Structure formats: C-alpha cells, structure tokens
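A.B. asks: Pasting in a structure now, in structure tokens, and then I'll have a few things to ask.
The values are calculated or read from the model by the stated rules, or taken from the named source; none is laboratory data. Predicted model, so just to flag it, every value in this text is computed and none were measured. For neighbour counting, all protein chains shown are included, and Cβ atoms are generated from backbone atoms with ideal geometry for every residue, glycine included. All accessible areas refer to the heavy atoms of the entire protein, side chains included, with ligands and DNA or RNA removed. Shrake-Rupley method; radii C 1.70, N 1.55, O 1.52, S 1.80 Å.
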Amino acid sequence: MRIGMLGTGVVGQTLEGKLTELGHDVKVGSRDPARSFEAAAAHGELIFNATAGGASLNALRMAGADNLAGKVLVDVSNPLDFSHGFPPILTVCNTDSVAEQIQREFPDARVVKSLNTVNANVMVDPALVPGDHNLFVAGNDDGAKAEVRALLEAFGWPAERLIDLGGIDAARALEMYLPLWLRLFQAAGTAHVNIQLMRARE
Ligand SMILES: NC(=O)c1ccc[n+]([C@@H]2O[C@H](COP(=O)([O-])OP(=O)(O)OC[C@H]3O[C@@H](n4cnc5c(N)ncnc54)[C@H](OP(=O)(O)O)[C@@H]3O)[C@@H](O)[C@H]2O)c1
C-alpha cells in the first residue's frame with residue numbers, strides 16, 4: 001500500500017521503517033519543501049499524522065484537504081507542550097482532542113486515533129513489553145478502524161489485544177492518558193511500558 005508519513009521525528013522514522021519492512025511504499029513529509037507534507041499526503045492511500053500534536057493542524061493544512069479526503073488518517077499525536085518544563089501540559093483536553101480537531105477541520109478524512117499511548121519502539125514491536133498488554137483504536141468510521149487494526153496486527157499486535165473505544169471523541173481519553181504514561185515511564189525507568197486491561201470473572 002502507498003502510505004504518507006507526516007512527520008520526521010522518532011515516530012515517523014520508526015513507523016516508516018516498519019511499514020517499509022512490511023512491503024509498503026512510504027513517502028515521508030515535513031515542512032521542508034524538498035519532502036513536503038503535501039507530497040507525502042498526495043502519495044498515500046493511507047496517511048499517518050506523526051507530527052507534534054500542537055502543530056498537527058498546521059501540518060495537515062500544509063498537506064492539503066484534497067490530499068486527505070476519503071483516506072484513512074491514523075493520528076498518533078499527543079498534544080504535549082514542554083515549553084513550561086516537565087511534566088508537559090496538554091494543549092487540548094477534557095472537552096476536545098487533537099484527533100477531534102482534525103476530524104472537524106477535515107470532515108472527509110477518516111480519522112482513527114491509535115498508537116499514541118505507547119513509545120515508538122513498542123508501536124512496531126509490542127513483544128518488547130512482556131504480557132498481554134493492550135492498544136486502543138477510536139474513530140467514527142468502522143471500515144477505517146478495520147484497516148488500521150489490520151496494520152496493527154501486521155506490526156505484531158494480536159487482534160484480541162486491540163480495544164475499540166468507540167467514536168473519535170474517545171481520543172480525549174487516549175490523549176489525556178499521557179500525563180499518567182509519563183509518570184509510569186518515570187516509575188518504571190523505561191519507555192518500554194504499557195498497560196493491560198484486566199476484567200473480573202463473571
Ligand atoms: N516519541 C514517541 O515515542 C511517541 C509515542 C507516542 C506518540 N507520540 C506522538 O507522536 C508525534 C510525533 O512524535 P515525535 O517524537 O516523532 O516527533 P515530534 O518532535 O513530536 O514532532 C516532529 C514532527 O512535527 C513537525 N512539526 C513541528 N512543529 C511543526 C509546525 N509548527 N508545523 C508543522 N509541523 C511541525 C515536524 O516537522 P519537520 O519535519 O518539518 O521538522 C516533525 O515532522 C507527537 O505528537 C508525539 O506526541 C510520540
């Protein structure tokens with residue numbers, strides 16, 4: 001599949017590497033006109049938003065609404081603002097999220113929130129963390145979520161460990177998980193951590 005990777009940070013690079021290894025044709029985009037967000041989005045049949053959450057709308061505007069229309073857009077961003085030091089604050093929360101902002105501004109894109117709750121290495125190699133830990137998907141388009149789930153399974157996530165949290169408004173919870181993730185990271189002493197949902201026996 002042709003994939004547009006918006007973002008050149010550790011997430012964009014890590015996802016690009018794994019997707020290429022899986023045989024996909026990935027084009028990476030940035031603010032640099034030599035490898036623009038626009039060209040990457042035009043290339044992709046499916047697109048990843050792996051840009052800084054506070055800048056994602058700007059990046060997607062640069063990508064162009066026409067290049068997003070009708071396509072699955074996997075939003076892995078987090079709205080973290082480190083300008084006041086650590087821990088960062090969320091630039092949007094409670095009543096809204098980056099993923100919802102994206103879906104509102106680009107209504108023809110099929111936005112799916114996923115992968116933002118784990119470190120980049122864990123995204124593409126869940127076995128780095130032992131146990132039956134979970135990953136989440138949220139979005140308004142069931143077909144889009146099914147496509148993303150298939151990609152996640154190719155990354156190594158067993159189907160039964162993928163939890164569908166419902167519509168794109170569930171992205172609020174996924175993004176507001178980050179303050180806890182940052183504390184878990186500090187407590188564990190490694191970014192290779194994740195959580196597992198345990199249910200009571202009926
Ligand atoms: N690091 C992780 O393990 C991890 C895990 C889960 C989720 N996330 C989330 O995934 C996203 C990517 O994280 P990252 O660590 O790879 O990189 P990052 O430093 O958060 O973001 C880098 C990307 O953001 C773009 N960007 C920055 N300011 C911009 C602006 N004003 N307008 C347009 N684009 C702008 C950069 O564009 P240029 O290429 O032009 O510089 C670059 O492509 C973030 O939202 C992060 O919170 C990260």
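A.B. asks: Among the residues of the stretch 48-76, write down those that are part of a helix (DSSP H, G or I), small (G, A, S) and open to solvent by less than 20 Å² (accessible area, probe 1.4 Å).
C.D. replies: Across the stretch 48-76, the qualifying residues are G53, S56, A59, A63.
A.B. asks: Please find, within the stretch 18-35, the residue that is nearest to the ligand (Cβ to nearest atom) out of those that are open to solvent by 40 Å² or more (accessible area, probe 1.4 Å) and over 24 Å from D141 (Cβ atoms).
C.D. replies: R31
A.B. asks: Would you say A55 is over 19 Å from L152 (Cα atoms) and out of contact with any strand residue (DSSP E or B) (no Cβ under 6 Å at 6 or more places or on another chain)?
C.D. replies: yes
A.B. asks: Which condition number in (1) touching a helix residue (DSSP H, G or I) at 6+ places or on another chain (Cβ under 8 Å); (2) open to solvent by less than 40 Å² (accessible area, probe 1.4 Å); (3) of a type outside the set (S, T, N, Q) is the one that E153 fails?
C.D. replies: (2)
A.B. asks: Additional query: Going by the structure shown, is V118 in contact with a Gly (Cβ under 9 Å, 6 or more places away or on another chain), in contact (Cβ under 8 Å) with a residue 60 or more places away in the chain, within 16 Å of the ligand (Cβ to nearest atom) and β-branched (V, I, T)?
C.D. replies: Criteria not met by V118.
A.B. asks: Another question, if that's okay. Exactly one condition in (1) modelled with pLDDT under 95; (2) under 18 Å from L115 (Cβ atoms) is not met by F86; state its number.
C.D. replies: Of everything listed in (1) modelled with pLDDT under 95; (2) under 18 Å from L115 (Cβ atoms), F86 misses just condition (2).
Residue-by-condition table, conditions (1) closer than 20 Å to F185 by Cβ; (2) more than 13 Å from the ligand (Cβ to nearest atom); (3) touching a residue at least 60 places away in the same chain (Cβ under 8 Å):
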residue	(1), (2), (3)
F37	no, no, no
A52	yes, no, no
R61	no, no, no
A65	no, yes, no
G85	yes, yes, no
V92	no, no, yes
L128	yes, no, yes
H133	yes, yes, yes
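A.B. asks: Let me ask you something else. Say we look at the stretch 96-146 and pick out the residues that are open to solvent by 10 Å² or more (accessible area, probe 1.4 Å) and part of a strand (DSSP E or B); which of these is farthest from M176 (Cα to Cα)?
C.D. replies: Among residues in the stretch 96-146 that are open to solvent by 10 Å² or more (accessible area, probe 1.4 Å) and part of a strand (DSSP E or B), the one farthest from M176 (Cα to Cα) is R110.
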